[in-house]
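Down below is the structure, laid out as structure tokens.
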Amino acid sequence: MQTVQRQSISDQLRHRFDTAKSVLVLTGAGVSAESGVPTFRGGGNTAVWKGMPFDVISSAKMVDRDLPAVWEWFDYRRTLLQPLEPNAAHREIARWEKRFQQFILVTQNIDGLHQKAGSKSVIELHGNISRARCVECHARYEILAGESRPEQCAGCGNWLRPDVVLFGEILPPGAFELAAKSAQKCELCIVVGTSGIVYPAASLPEIAKAAGAYLCEVNPERTALSGLFDEVLTGKAGEVLPMIASAPDSTNTHS
Ligand code: BJW
Ligand code: ZN
């Protein structure tokens, strides 16, 4: 697979990275691929579960129709995720949180690996696989590693479901609104490892672009959004992200 060379980080990007006060990073499944998490649309194990495409089993309809099957699918994935560790991309993004005056990390991932890498403030658009939520009163419960998962709500006795956003469901209250507001204010928007086809997450780079931000995509493949970006860095997140921060800024050496 082709990887980005140090010199292919443009001066423009390096300069913006050095001078930006407000940066937004949007991540998708690809940022966790090098940790061993399968992506949704790049092949791998999660695309089909017991003959059902993931957009069927991960859908609002399936929660109504067969909640135990939905739990079986998420229990299986939670078990797969538990031993996995953050990779160089998660760690690099965690460092960026301290580097910029305003740094907003928005993720579509439910795996918690950004937090495990040290990111303190993460907008999770699609929830988290390590939580359950009451179908009635929406109370949330942490699912602790190695402990059995609670099945019913301690408050109202109703069933719990995974605290994730399935197809056809609305996002957690305020999460997208906060992300969209941040996208409107950011100077640099870096989008990592997402196919860019799931909305409303995919509209964030569009919002940032319309507000005048410089847009950079990091992905080994072209995506639905590639045409929108000022700069497309073709390569794996774990290799490319550390290069952005370490590439020399030649605009400074000539000034
Ligand atoms: C690497 C790499 C490496 C590999 N380094 N990169 C507007 C138009 C059309 C439809 C809609 C619309 N607005 C809303 C909709 C409907 C729907 C939607 O978007 N559908 C589209 C598919 C057409 N959206 C919704 O239903 C959302 N809700 C909503 O809008 O509510 C309002 C509403 C309600 C009712 C009706 C209408 C509107 C909710 C979306 C929830 C998404 N949920 C999922 C499942 C979560 C639970 C689970 O895990 O099972 O979230 S779907 C799945 O896709 C998951 C992901 O977060 C999401 C995005 O996927 P992502 O992260 O981009 O992964 P991949 O696999 O697609 O791509 C990986 C990328 O990584 C690839 O590009 C690789 O090349 C790359 N990669 N290795 C860097 N090493
Ligand atoms: Zn309840």
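The values are calculated or read from the model by the stated rules, or taken from the named source; none is laboratory data. None of these values were measured; they are calculated from a predicted model. Virtual Cβ from ideal backbone geometry, glycine too; neighbours counted across all protein chains shown.
Collect the residues in the stretch 185-229 that are small (Gly, Ala, Ser) and either under 11 Å from residue 26 (Cβ atoms) or surrounded by 16 or more Cβ atoms within 10 Å (Cβ to Cβ) (or both), keeping them in residue-number order.
Matches in the stretch 185-229: 193, 195, 196, 201, 202, 203, 208, 213.
Just checking, does the stretch 219-226 include any residue being within 18 Å of residue 125 (Cβ to Cβ), touching a strand residue (DSSP E or B) at 6+ places or on another chain (Cβ under 6 Å) and of a type in the set (A, V, I, L, M, F, W, C)?
Scanning the stretch 219-226, I find no residue that is within 18 Å of residue 125 (Cβ to Cβ), touching a strand residue (DSSP E or B) at 6+ places or on another chain (Cβ under 6 Å) and of a type in the set (A, V, I, L, M, F, W, C), so the answer is no.
Yes or no, residue by residue, for (1) of a type in the set (S, T, N, Q); (2) free of Cβ contacts under 8 Å to residues at least 12 places away in the same chain; (3) within 16 Å of ligand 2 (Cβ to nearest atom); (4) not in a loop (DSSP other than H, G, I, E, B):
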{"residue": "64", "(1), (2), (3), (4)": "no, yes, no, yes"}
{"residue": "74", "(1), (2), (3), (4)": "no, no, no, yes"}
{"residue": "85", "(1), (2), (3), (4)": "no, no, no, no"}
{"residue": "123", "(1), (2), (3), (4)": "no, no, no, yes"}
{"residue": "132", "(1), (2), (3), (4)": "no, no, yes, yes"}
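Can you tell me which residue in the stretch 153-179 is farthest from ligand 1 (Cβ to nearest atom), limited to those that are modelled with pLDDT of 95 or more and of a type in the set (Phe, Trp, Tyr)?
In this case the residue turns out to be 159.
When the residues of the stretch 157-176 are filtered to those that are surrounded by fewer than 13 Cβ atoms within 10 Å (Cβ to Cβ) and at negative phi, which remaining residue is nearest to ligand 2 (Cβ to nearest atom)?
Looking at residues that are surrounded by fewer than 13 Cβ atoms within 10 Å (Cβ to Cβ) and at negative phi, I get 173.
Is it fair to say residue 118 is touching a strand residue (DSSP E or B) at 6+ places or on another chain (Cβ under 9 Å), away from ligand 2 (no atom under 16 Å from the Cβ) and at positive phi?
No, not satisfied.
Can you pull out every residue in the stretch 139-150 that is more than 16 Å from ligand 1 (Cβ to nearest atom), part of a loop (DSSP other than H, G, I, E, B) and surrounded by 12 or more Cβ atoms within 10 Å (Cβ to Cβ)?
Matches in the stretch 139-150: 139, 149, 150.
Please name all residue pairs, on different chains or six or more residues apart, with Cβ atoms under 7 Å, provided the first residue is in the stretch 199-220 and is without any contact (Cβ under 8 Å) to a residue 24 or more places away in the chain and the second residue is outside any helix (DSSP H, G or I) and away from ligand 1 (no atom under 11 Å from the Cβ).
What qualifies is 209/215.
Tell me, yes or no, whether the stretch 122-137 has at least one residue that is surrounded by fewer than 14 Cβ atoms within 10 Å (Cβ to Cβ) and closer than 19 Å to residue 110 by Cα.
no
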